[in-house]
Amino acid sequence: MSHHIVEVQNLRHAYPDGTVALQDVSFTIHHGESVAIIGANGAGKSTLLLHLNGYLTPSSGHIRIGDFPLTKETLQQIRRTVGMVFQDADDQLFMPTVFDDVAFGPFNLGLPLEEVRQRVQMVLDKVGAIHLQDKPPYHLSGGEKKRVAIATVLAMSPDILVMDEPTSGLDPFARRQLIELLQEFRHTRIFTSHDLDMVLDLCERTIILHKGMVKADGRTRDIFSDDALLAECRLEKPLSMQGCPVCSRKQ
C-alpha cells in the first residue's frame, strides 16, 4: 500500500518576512504508523503539517505521498488521500449547518445523495455530534466545533489522517472519545499535540522538532525517557510518566 507512505526530504520553508520555520526536515512514515510530531511553541509543527497536503509550498525540498510527488498537478489526488484537521476549527467550518459542512467533501467526490447521508450520519455518530447536525457551526462551543471539524475529514475516508492539536478545546470526556476514535482508525495517523499523555497512548513513534529541525525521531517511550533531550527541547514527560510529586518529596 505505497499510497499511504509519506516521504519528506530536505524540506525548508521560509515565510515572506524571512522567518525560517523549517530547515532540512526529512523523514518517512509508512502505512499504518501512528506518529506524533511534538515540540515547543514555534518549533515548526503546524507549518510542517500544512505542507503535507499542499496548503503551504516548500521553499525547497520535496514531499511525496505514496506514488505521487506533491505538485500542483497532483494536489487534488493527494488531498483525497491526506485528510487534514486544522488546529482552529473555524478554518474548516463554513456551511450553514453542521450536516452541510460534513456533506461538503463527499458531495465534491461525486457521491450519490443517499451515500452522502449515510456517511454524514456515520461520522457524526462516531464523534458524538449527531445531535448537532441541524445547528449552524457558529452556534457551537469550541469542543463541538472540533468534533465536527474531525467529522468533515473522516467523511472523506482518507488513507492518511493529519491533525493539528486534536484535543485542544476538548473536555475530558470528549478527549477520551477522540482517543478511542483515533485508536479505531486503521490507516496512517500523523498529528501534533501538547497533550503528551495522548501521544503516549496513541503513538509508538515520535518526532521532535526543535527550532525548525528534526532533533529526534524514535520510539515514543525512548523519547520520553531521555531527560536531557526533553530539557533541551523545552518539553516535559507525560504526566503518567512523572510519578506522584507528593511521594517523591517524601522519599
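The values are calculated or read from the model by the stated rules, or taken from the named source; none is laboratory data. Because the structure is a prediction, the values reported are computed rather than measured. Ideal geometry is used to build each Cβ from the backbone, glycine not excepted, and the neighbour counts take in all protein chains shown.
Below is a table of values for the structure above.
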| read-out | value |
| --- | --- |
| Verdict on THR167 being in contact with an Asp or Glu (Cβ under 6 Å, 6 or more places away or on another chain), of a type outside the set (A, V, I, L, M, F, W, C) and not in a strand (DSSP E or B) | yes |
| Failed criterion for PRO238 (all others in (1) loosely packed, with under 13 Cβ neighbours inside 10 Å; (2) under 14 Å from VAL199 (Cα atoms); (3) at pLDDT below 95 hold) | (1) |
| Any pair with Cβ under 7 angstrom, 6 or more apart, that starts in segment 1-29 at a residue that is at negative phi and of a type in the set (S, T, N, Q) and ends at one that is part of a loop (DSSP other than H, G, I, E, B) and at pLDDT below 95 | SER2/GLY66; SER2/ASP67; THR28/ILE5 |
| Selection within segment 171-189 - more than 15 Å from the chain's Cα centre (by Cα) and either buried (at least 22 other Cβ atoms within 10 Å of the Cβ) or within 26 Å of ASN41 (Cβ to Cβ) (or both) | ASP171, PRO172, ALA174, ARG176 |
| Hey, PHE224 crowded, with 19+ Cβ neighbours inside 10 Å and over 18 Å from SER46 (Cβ atoms) or not | yes |
| Residue satisfying condition, being closer than 19 Å to ASP217 by Cβ, surrounded by 21 or more Cβ atoms within 10 Å (Cβ to Cβ), of a type in the set (S, T, N, Q) and in contact (Cβ under 8 Å) with a residue 40 or more places away in the chain, within set SER34, SER46 | SER34 |
| For ALA174: the one exception among (1) assigned to a helix (DSSP H, G or I); (2) closer than 20 Å to LEU11 by Cα; (3) small (Gly, Ala, Ser) | (2) |
| Any hit, segment 111-125, residues being under 24 Å from LEU181 (Cα atoms), under 18 Å from the mean Cα position of the chain (by Cα) and assigned to a loop (DSSP other than H, G, I, E, B) | no |
